[in-house]
Amino acid sequence: FLLVVFLTGGSSWSYAGQLLLLRPLAVLVAVWGLATLSAAQWRGNRALLALTLSVVLLTGSHLLPLPYSVWSDLPGRDVVARIEALAGFPAHARPMTLGPDASRNALYALAVPLAVLALGAQLDERGLRRMAGLVLLLTGFGVLVMVAQLGGAGLQLYQPSAATKASGLFNNRNHQAALLAMIFPLAVLAWRGGYGVALPQRIVQLGAGGLAILAFPLILASGSRSGLVLGAVAALLAASEAPWRRWWKRSRRALLAALTVAAAMAGGFVWLLVQSNRSDAVTRLADMSSDVRTEVWRSVVADLPTYWPWGTGIGAYADPYRINEPDSLLRPTYSNHAHNEWIEIAYTAGLPGLILLAVAVAMAGYGLVRAWRGRREDRVLARTGGTVLLVLAIASTTDYPVRTPIMSAILILAALWLARDAARHGPVKS
């Protein structure tokens, strides 16, 4: 299922043709996975399952028909009600959301993370480690696609645009850069217990290390400014987990030689990118004048009271935002998302969405504290999951990566890695 997700789930657009295959399959897999969960597996993953199912139920509730008298009294619906009255439309039941098509798309999109959770909850720790290895392997395939794109092969999985020039398996270079940043923590896992696969450990480690060397130069080539930040954060956290002391004790010369070779290779790739004018991320970082995201964020926050406390409807951002969009922000293109998921959740899901978000953050925070306070070697899987979650959380402040099926699947896997540590060890002692 993950293989299908990576091959077809790189776009957040509802009209992507690949979703015709992915979403029906995801629904079937989710139903089958939930039906085959044992009582022990339900109990062991009850927090994640309850949170995910609550998100599904909240999204579905936004599509339930409401009596017209109830719907028209909801905040922000008066504009639509007046338009319908002037057009002579009769009063009729309507769902709470101001964008029914967008909310239906959001509900269908939840099938992918729900399917991954239903299957992942049935895996033991070795199975979850194998999934980490598989994610790294599939990310490596995305690296090959990206290299081919940079080489001018014209290999595009989605409708070509400026954002898909070097986007690998995605429709957006920022999402590809976020995936590249995840290589660092996933690669460290190769030296901290491995992936539980039937391959020589040295081959696995060399392959993971090679991808890590390639990751940062490719982030530069992607043109993603946020990717530079994500790569730096992920690399620092991964470096803190690397077994430097063990390597130093084994062979200081070999470690220094390996670091020298890795630095030379990475530096060589960066030099080649600069010489060939491929380091778009640095170029775009130097030119921030055309970025209007902060102005959009301010306008969305200013518009929050219009729809408070229920929101515009989960997934329904673009159409409601147009109603009160400031004239100064009008462009030939339209604002399809707020490019800040924390703000957009408040805008579209309202207070109930923020409550679920707060629960999710609290659960993740509890898991992160447990993972980094514990000193056991087997907590490295939990720390890998925590680092991946941090990367996605930071990426979501300037973009919407988790709206792609690939990233939503990785989000659930990372949560499972983090949660499995809590299930195994119990409370952390002070």
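The values are calculated or read from the model by the stated rules, or taken from the named source; none is laboratory data. Note that the structure is a prediction, hence the values are computed from the model and not measured. As a convention, Cβ positions derive from the backbone with ideal geometry for all residues, glycine included, and neighbour counts pool all protein chains shown. For the accessible areas, the whole protein counts, side chains as well, though only heavy atoms, and no ligand, DNA or RNA atoms are used. Shrake-Rupley method; radii C 1.70, N 1.55, O 1.52, S 1.80 Å.
Overview of values
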quantity: Some residue of segment 79-89 being over 22 Å from VAL300 (Cβ atoms) and surrounded by 20 or more Cβ atoms within 10 Å (Cβ to Cβ); calculated: no
quantity: One residue from ALA349, ALA364, ALA395 being in contact with a Gly (Cβ under 7 Å, 6 or more places away or on another chain) and touching a residue at least 12 places away in the same chain (Cβ under 8 Å); calculated: ALA349
quantity: Helices (runs of 4 or more DSSP H) wholly inside segment 193-270 that include at least 3 residues being of a type in the set (Val, Ile, Thr) and modelled with pLDDT of 80 or more; calculated: 201-222
quantity: Sole exception among (1) farther than 17 Å from ALA47 by Cα; (2) surrounded by 16 or more Cβ atoms within 10 Å (Cβ to Cβ) for ALA364, by number; calculated: (1)
quantity: Looking only at segment 64-78, and only at residues there that are part of a loop (DSSP other than H, G, I, E, B) and under 20 Å from ARG104 (Cβ atoms), the one that is most open to solvent (accessible area, probe 1.4 Å); calculated: LEU64
quantity: Set ASP78, ASP73: member being of a type in the set (Asp, Glu) and farther than 20 Å from PRO352 by Cα; calculated: ASP78
quantity: Sole residue being assigned to a helix (DSSP H, G or I) and either within 15 Å of the chain's Cα centre (by Cα) or modelled with pLDDT under 85 (or both), chosen from ILE355, ILE406; calculated: ILE406
quantity: Selected residue (only one of ALA132, ALA102 is open to solvent by 20 Å² or more (accessible area, probe 1.4 Å) and under 29 Å from ALA360 (Cβ atoms)); calculated: ALA102
quantity: Qualifying residue in segment 22-41 (condition: surrounded by 15 or more Cβ atoms within 10 Å (Cβ to Cβ), of a type in the set (Ser, Thr, Tyr) and farther than 22 Å from HIS337 by Cα); calculated: no
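Residues checked against (1) open to solvent by less than 40 Å² (accessible area, probe 1.4 Å); (2) under 25 Å from LEU119 (Cα atoms); (3) of a type in the set (Asp, Glu):
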site	(1), (2), (3)
ARG46	no, yes, no
LEU49	yes, yes, no
HIS92	no, no, no
MET96	yes, no, no
ALA106	yes, yes, no
